[in-house]
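The values are calculated or read from the model by the stated rules, or taken from the named source; none is laboratory data. Please read these numbers as outputs of a predicted model, since none were measured by experiment. Cβ placement follows ideal geometry from the backbone for every residue including glycine, while neighbour counts extend to all protein chains displayed. When the accessible area is computed, the model is the full protein with side chains, heavy atoms only, and any ligands, DNA or RNA have been set aside. Shrake-Rupley method; radii C 1.70, N 1.55, O 1.52, S 1.80 Å.
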Amino acid sequence: MNPKTHILGYPRIGPKREYKFAIEKFWRKEISASDLQETLSTIKNNNWLSQKEAGLDLLTSNDFSLYDQVLDTAIMLGCIPERYAGIKDELELYFALARGNAEHSVVALEMTKWFDTNYHYLVPEIARQQKFALNAKKPLAEFKAAQALGIQSKPVILGPVSFLAMSKTDAEGFNRFVLLSDLLPLYEDLLKQLASAGAEYIQIDEPYLGMDWDINLERAYAKFLTELTVPTGCKIILASYFSDLKDKALNYICKPDTCWNFLHLDLKRGQNSLKKVLAHLPVSKGLSLGLVDGRNIWLNDLEDSTSQAKEVIAQLGAERVMLSSSCSLLHVPVSLSEESELDPQIKAWLSFAEEKVGELVTIQDLCSESPSEKAQSKLAQNKTNLQARKSSPLVNNTAAQKALQEAEGRDTQRPESFAERIAAQKQKLNLPLYPTTTIGSFPQTKEVRELRNKFKREELSLADYETEIKRLTEEAIRWQEEVNIDVLVHGEFERNDMVEYFGQFLTGFTTTLLGWVQSYGSRCVKPPIIYGDISRVKPMTIEMASYAQSLTDRPVKGMLTGPVTILQWSFVRDDQARSLTSRQIALALAEEVNDLVQAGISVIQIDEPALREGLPLRREHWPAYLAWATDAFRLSCCQVPPAVQIHTHMCYAEFNDIIEQIAQMDADVITIETSRSQMELLNAFERFAYPNQIGPGVYDVHSQRIPSVEEMVELLAKASLVLPKTNIWVNPDCGLKTRSWDEVKPALQNMVAAACALREKVLAPRS
């Protein structure tokens with residue numbers, strides 16, 4: 001008997017982003033709701049059938065989503081804020097929660113990062129007297145859709161403790177976990193309905209099992225694990241991932257009377273748990289082994305994974321073991337099959353979702369008493385590919401390694417204090433009170449995308465392409481001057497992505513054709529792959545920054561993506577410490593920053609939206625990470641003169657617990673997301689008395705709503721209560737790449753008007 005194979009979830013965007021294009025057509029009212037559902041059903045069905053054909057034993061249902069799985073859970077539990085009560089249509093309500101709704105004058109739910117990934121989830125809102133009601137329509141419908149294809153699926157649902165932990169409440173001091181008593185009956189009802197429909201296995205995701213536990217979380221898990229009633233004949237796979245399990249957690253989890261049958265362990269990020277769990281595992285329970293990495297794209301070491309699996313099988317027996325991905329494959333691209341332009345050497349080192357499913361099936365085969373010739377052949381090829389990667393000159397760059405050694409121990413602090421720098425910057429830039437700017441990108445319109453595609457297809461020469469990009473840049477500069485924005489941007493029309501673009505100019509990077517992953521909703525990103533040592537090949541941004549600055553007397557920001565964000569938003573090599581890779585990126589960026597200064601650029605923005613995202617899930621690991629992450633940022637810009645103003649941008653992150661380290665980055669100006677949270681994030685900056693300047697976002701760029709002048713004035717007034725007026729910048733939450741000009745222009749005009757209104761109020765003579 002072989003152990004069963006399963007995965008925790010599969011990418012939902014489709015091999016060629018069919019999800020994205022369909023859903024955006026629906027938003028533009030180019031297709032009907034039924035057309036949308038037909039396309040999405042095709043993607044789901046194809047996902048199941050490809051996994052079935054690969055030989056996976058248990059296929060997962062309910063891992064698909066119209067926008068986000070946490071939002072799906074909130075709707076399933078009836079957790080919908082009162083402000084949406086006027087929206088009766090189900091689909092309209094769903095997207096109003098996700099994106100806001102101008103017709104009903106409601107803003108979207110707040111968005112934040114899913115643990116330490118680049119996936120964003122929508123934050124449920126719960127009240128002290130929250131009333132829940134089960135709506136099991138979606139999980140049941142997906143289970144039955146799989147049944148219609150002859151597939152007995154394993155539904156996945158987000159567990160009640162993690163759901164409450166991810167939610168927010170306005171009730172100060174309220175322990176949201178007291179609501180667990182109200183949720184457990186709903187979960188029991190859901191399990192009964194799924195079991196009645198024929199579900200034999202149900203996966204309950206509880207990622208907070210691997211987090212640091214406070215007393216409230218501890219009590220919540222104690223209650224959930226022992227009090228949830230499971231229907232007879234139904235087996236629960238309790239899934240933890242992204243971290244190992246602490247001893248305290250294991251004390252509660254590894255008891256005979258708990259509700260689960262199989263405990264899933266992430267053996268890529270939580271391998272330290274395995275021996276402890278095996279020592280305490282009740283004889284009535286089994287393990288799901290997360291052997292294949294769901295977060296990165298490197299080839300699995302089949303020999304090592306098979307050895308791990310065999311050891312556990314020898315101890316527990318095959319019937320008590322499952323083989324799985326470490327987490328959902330949501331975080332990796334769909335398939336390598338059409339990556340025709342990848343270097344064949346590098347392609348042989350990679351594995352996307354489709355290939356990872358194949359790796360699991362091969363490991364299962366290799367665990368049998370008589371592995372097939374096919375599996376043994378794959379094992380031999382796997383060994384060859386792993387060895388080739390280790391010794392390849394593509395990976396090992398002597399010059400980059402030498403530069404890293406020479407930079408060791410370098411002082412990364414700018415020699416002048418912030419007070420000295422800001423005095424020099426005021427004299428040079430001569431900006432008004434409440435200076436206005438944007439975060440960097442302007443709309444990547446159909447025209448821009450078509451220009452890029454024509455150039456790729458060689459239907460447009462390089463000279464003609466650059467002429468068109470410069471035309472768009474000049475139009476953007478002129479429009480910003482016209483509406484009186486103070487610090488301009490060139491719009492980034494030449495950039496396909498804020499990370500992939502830079503990878504084209506660096507050694508050790510490669511890019512894919514279709515290596516897309518979902519970031520939030522229909523927003524997909526195509527992370528570059530860092531396979532080797534990094535150095536700058538040639539200047540990356542100088543030409544466009546210099547051209548844009550030549551068009552205007554106003555300062556134009558040089559725009560760079562920071563070292564930690566490039567690291568976080570790439571698929572990173574796993575054969576050296578991330579801190580070393582980040583430092584190599586920082587050294588390459590430092591060369592670019594110095595060239596921008598020489599070109600006369602006086603404001604340089606180095607975006608680090610992923611700094612908080614990269615924070616380890618366990619606090620004990622924070623100091624080491626924050627030390628090298630902030631040092632890498634400073635290394636990229638520590639040599640600039642005091643009159644050059646360094647900006648950074650961060651979005652969708654809680655700052656309370658790392659505000660001191662953000663201050664240690666010593667950026668002259670930090671711009672942050674605050675509009676969805678109604679300036680809540682500024683509390684951290686107030687309590688800490690953040691010393692430098694701040695641009696709290698007044699415009700939610702992830703919603704199609706155009707905020708009014710009054711809304712923005714109100715937000716800025718809130719900011720003025722907690723920050724010195726002389727330290728406040730006025731800007732959107734994030735880049736404007738995904739919005740249309742019809743949305744952007746009136747919103748930014750309102751933003752400038754709001755800044756002017758605040759200036760007039762402050763500067764008006766007192767009677």
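When PHE95, PHE115 are checked against the criterion of being at pLDDT 95 or above and of a type in the set (A, V, I, L, M, F, W, C), a single residue qualifies: PHE95. When the criteria are applied in full, ALA239 meets the requirement of being closer than 22 Å to ASN62 by Cα and touching an Asp or Glu at 6+ places or on another chain (Cβ under 6 Å).
Checking each residue in the range 300-320 for being part of a loop (DSSP other than H, G, I, E, B) and open to solvent by 40 Å² or more (accessible area, probe 1.4 Å) picks out only ASP301.
Applying a threshold of 7 Å to beta carbon distances and a minimum spacing of six or more residues, or different chains, the list of pairs starting in the range 429-443 at a residue that is on the phi > 0 side of the Ramachandran plot and ending at one that is open to solvent by 10 Å² or more (accessible area, probe 1.4 Å) and in a loop (DSSP other than H, G, I, E, B) reads GLY440/GLU492; GLY440/GLY735. Evaluating LEU404 against the criteria (1) in contact (Cβ under 8 Å) with a residue 40 or more places away in the chain; (2) aliphatic (A, V, I, L, M); (3) touching a strand residue (DSSP E or B) at 6+ places or on another chain (Cβ under 6 Å) leaves one unmet condition, (3).
A Cβ distance below 7 Å, combined with a sequence gap of six or more or placement on separate chains, defines the contacts here; from the range 259-271, residues that are acidic (Asp, Glu) reach residues that are in a strand (DSSP E or B) and open to solvent by less than 10 Å² (accessible area, probe 1.4 Å) in the pairs ASP266/GLY290. Are any residues in the range 444-489 touching a residue at least 60 places away in the same chain (Cβ under 8 Å), surrounded by fewer than 18 Cβ atoms within 10 Å (Cβ to Cβ) and part of a loop (DSSP other than H, G, I, E, B), and if so, which ones? Selection gives THR445, VAL483, ASN484.
The residues in the range 294-316 that are out of contact with any Ser or Thr (no Cβ under 8 Å at 6 or more places or on another chain) and touching a residue at least 60 places away in the same chain (Cβ under 8 Å) can be counted, and the count is 6.
Filter the range 508-539 down to residues that are more than 26 Å from PRO11 (Cβ to Cβ) and open to solvent by 10 Å² or more (accessible area, probe 1.4 Å), then give me how many there are. So the count comes out to 5. Restricting the range 555-570 to residues that are within 17 Å of the chain's Cα centre (by Cα) and part of a loop (DSSP other than H, G, I, E, B) leaves a set whose member that is nearest to ASP533 (Cα to Cα) is SER570. You will find that of ALA133, ALA141, the residue that is part of a helix (DSSP H, G or I), open to solvent by 30 Å² or more (accessible area, probe 1.4 Å) and closer than 26 Å to PRO185 by Cα is ALA141 and no other. Taking residues in the range 606-627 that are within 21 Å of THR561 (Cβ to Cβ), and partners anywhere that are of a type in the set (Lys, Arg), the pairs with Cβ atoms closer than 9 Å and at least 6 places apart or on different chains are ALA610/LYS113; ARG612/LYS113; GLU613/LYS113; GLY614/ARG578; TYR625/ARG578. A single entry from LEU336, LEU323, LEU291, LEU287 fulfils the requirement of being free of Cβ contacts under 8 Å to residues at least 40 places away in the same chain and in a strand (DSSP E or B): LEU287. Among the candidates SER550, SER535, SER579, the residue that is over 19 Å from the mean Cα position of the chain (by Cα) and without any contact (Cβ under 8 Å) to a residue 24 or more places away in the chain is uniquely SER550.
Screening the range 160-245 for helices (runs of 4 or more DSSP H) wholly inside it with 2 or more residues that are open to solvent by 40 Å² or more (accessible area, probe 1.4 Å), small (Gly, Ala, Ser) and modelled with pLDDT under 95 returns no ranges. The residue of the range 272-299 that is farthest from LYS347 (Cα to Cα), among those that are over 28 Å from the mean Cα position of the chain (by Cα) and open to solvent by less than 60 Å² (accessible area, probe 1.4 Å), is PRO282.
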